[in-house]
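Beneath this line is the structure, given in C-alpha cells, with notes to follow.
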Amino acid sequence: SQRTSRLFIHPYELMSKVCHLCVDQQRLTDPQADKARVRKIAPKILQLLTEWTETFPYDFRDERIMKSLKELTHRLSSGDELYRKAVQQMTQTLIRKLTTLSQYEEALAKINSSVTDRLTVLKTKPQSIQRDILTICSDPFILAQQLTHIELERLSYIGPEEFVQAFVQKDLLDNDKRCFGDHKKASNLEAYVEWFNRLSYLVATEICMPVKKKHRARVIEFFIDVARECFNIGNFNSLMAIITGMNMSPVSRLKKTWGKVKTAKFDILEHQMDPSSNFYNYRTALRGATQRSITAHSSREKIVIPFFSLLIKDIYFLNEGCANRLLNGQVNFEKFWELAKQVMEFMTWKKVECPFDRDRKILQYLLTAPVFSEDALYLASYESEGPENNMEKDRWKSLRSSLLNRT
C-alpha cells in the first residue's frame, strides 16, 4: 500500500499524519503516558517505520520526512530501553543506504562528465582513439558478463517509488508545484534508461568505426555473439540495446558489410525480441528466466534483467488504463494489487548479486569510451559505404561541411 499510496498522498503528508496520530491521539508527548500504552503502539509504529525506511529509503532525502522520523523515533526510544536498540539499528541502516546512494550518484556524475564525443576526440587526438572493443575484450562471454555487472548495479539503485514518481509527475506537474521537488527522486530510473541508449550508440559506433569492411563484419559478428550470451544469462536489457544499435540506420544501411556476416544467429535473436503481438516471444523468454530464477540453485541462474523500457511501458499503461477509483468512489484495489505485483517482481530481480568477476578495464571502456552522435554515425557510415541515392549524397555533403569543419 505504501507503494501506491503516493498516487493519492505525498509521502511527506503521510508521515505528518502518522506523527499526528502517534503524538496527539496517543499522547506520546505526555510524560505521564503510561508505559503500557507506549508498549502497545510502539511495535506497530516501529514496524511501519522499519518497512518504510527499508523499502523506500529515498523518501528520507526529504528533510521534512527525516525530521519527522527523528522526532518520532526519539519519542519511542526515550520511553523504553526496549525500543532504543531497534530505533538505532533502523536509523543506521537508513543512513548507510542514503550514503551509498550519494556515492553512486557522485560516481555516475564523474563518469558522465568524462564522456566525450568521439568525433571531437578523433579530430583533436587521433591516436587516443585507436582502441576499440575487440582490443579491450575479444571474448563475447566475458563482455556479456561485464554488461551484466553494469545492468545489475544500475538496477539495484532504482527505488520502487521511482516508477510511481514518473507517472505522478506527468499527471500533476501542471497543477501541483510540489512535484518539481521530487524530480531528482526518479533520477536513477532515468540514468538506467540513458545507459541503454549509451550501449546502443556504443555498438553502432564500434561497427561504423573500422575502415575495412572485413573488420566491420567481424565487429558485427562479435556483438551478435555477445547478445546471444546476454540472452543465455537472462540479461534482456543489454540484449535489446545491442539489437537496437545494430538496427540503427547508419549500421543497417551498410549492405556490403552485412553481406559478409553470417546472420542466422542474429535472425534468431531478432525473432526473440520481435515487438509483434506485444513482444510475445520476449515475454515467453522472460517467464522462462523468471521460472529459472525462482528454482535457482546458483546465483547465475537467479539473474533476470528485463527489457527495461518495456517494463516501464507496462506499468505506465496499467496506471493510465485503469482508474484509481471505481464508479462507486471506492479505491480500485485490483489495479493497485497488479501494480504492486509488477513492482515487487522487479524488486526481487534487482536484489540479485552479480556472480561474475569484475574486469575494471572492460567496465571502464563500456562506461566511458567516447561514442559518435547520430550525425557522426551517419558520416562514418557514408565514408565506409558511399551514399546510394541523391538524398544520401546531400546529407553526406552537409554532414561533412558541418561536422568536419567544426573547430
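The values are calculated or read from the model by the stated rules, or taken from the named source; none is laboratory data. Keep in mind that what you see is a predicted model, and the values were worked out from it rather than measured. Because the Cβ atoms are built from the backbone with ideal geometry, glycine has one as well, and the counts that use them run over all protein chains shown. Only protein heavy atoms, including side chains, enter the accessible area calculation; ligands, DNA and RNA are left aside. Shrake-Rupley method; radii C 1.70, N 1.55, O 1.52, S 1.80 Å.
Of all residues in the range 350-395, those satisfying the criterion of being under 15 Å from GLN146 (Cβ atoms) and either outside the structural domain of GLU229 (by the TED database) or in a loop (DSSP other than H, G, I, E, B) (or both) are CYS354, PRO355, PHE356, ASP357, ARG358, ASP359, ALA369.
Close Cβ contacts (under 8 Å, 6 or more residues apart or on different chains) running from residues in the range 208-230 that are closer than 12 Å to THR263 by Cα to residues that are of a type in the set (Asp, Glu) comprise PHE223/GLU206. Checked against (1) in contact with a helix residue (DSSP H, G or I) (Cβ under 8 Å, 6 or more places away or on another chain); (2) closer than 29 Å to GLU206 by Cα, GLN342 passes all but condition (2). Reported count of residues in the range 355-376, each being open to solvent by 60 Å² or more (accessible area, probe 1.4 Å) and touching a residue at least 40 places away in the same chain (Cβ under 8 Å), is 4. Of the helices (runs of 4 or more DSSP H) contained entirely in the range 217-270, those carrying at least 1 residues that are of a type in the set (Phe, Trp, Tyr) fall at 236-246, 255-259.
Looking across the range 40-61, the residues that are out of contact with any helix residue (DSSP H, G or I) (no Cβ under 6 Å at 6 or more places or on another chain) and either in the same structural domain as PHE346 (by the TED database) or charged (D, E, K, R) (or both) come down to LYS40, LYS44, GLU51, GLU54, ARG61. For the range 332-370, a residue qualifies if it is closer than 30 Å to GLU320 by Cα and of a type in the set (Asp, Glu), and the qualifying residues are GLU334, GLU338, GLU345. TYR316 passes all but one of (1) at pLDDT 95 or above; (2) open to solvent by 50 Å² or more (accessible area, probe 1.4 Å); which number fails? Here TYR316 clears every test but (1). Among the criteria (1) in a helix (DSSP H, G or I); (2) farther than 24 Å from GLU194 by Cα; (3) in contact (Cβ under 8 Å) with a residue 12 or more places away in the chain; (4) not basic (Lys, Arg), the one SER398 does not fulfil is (3).
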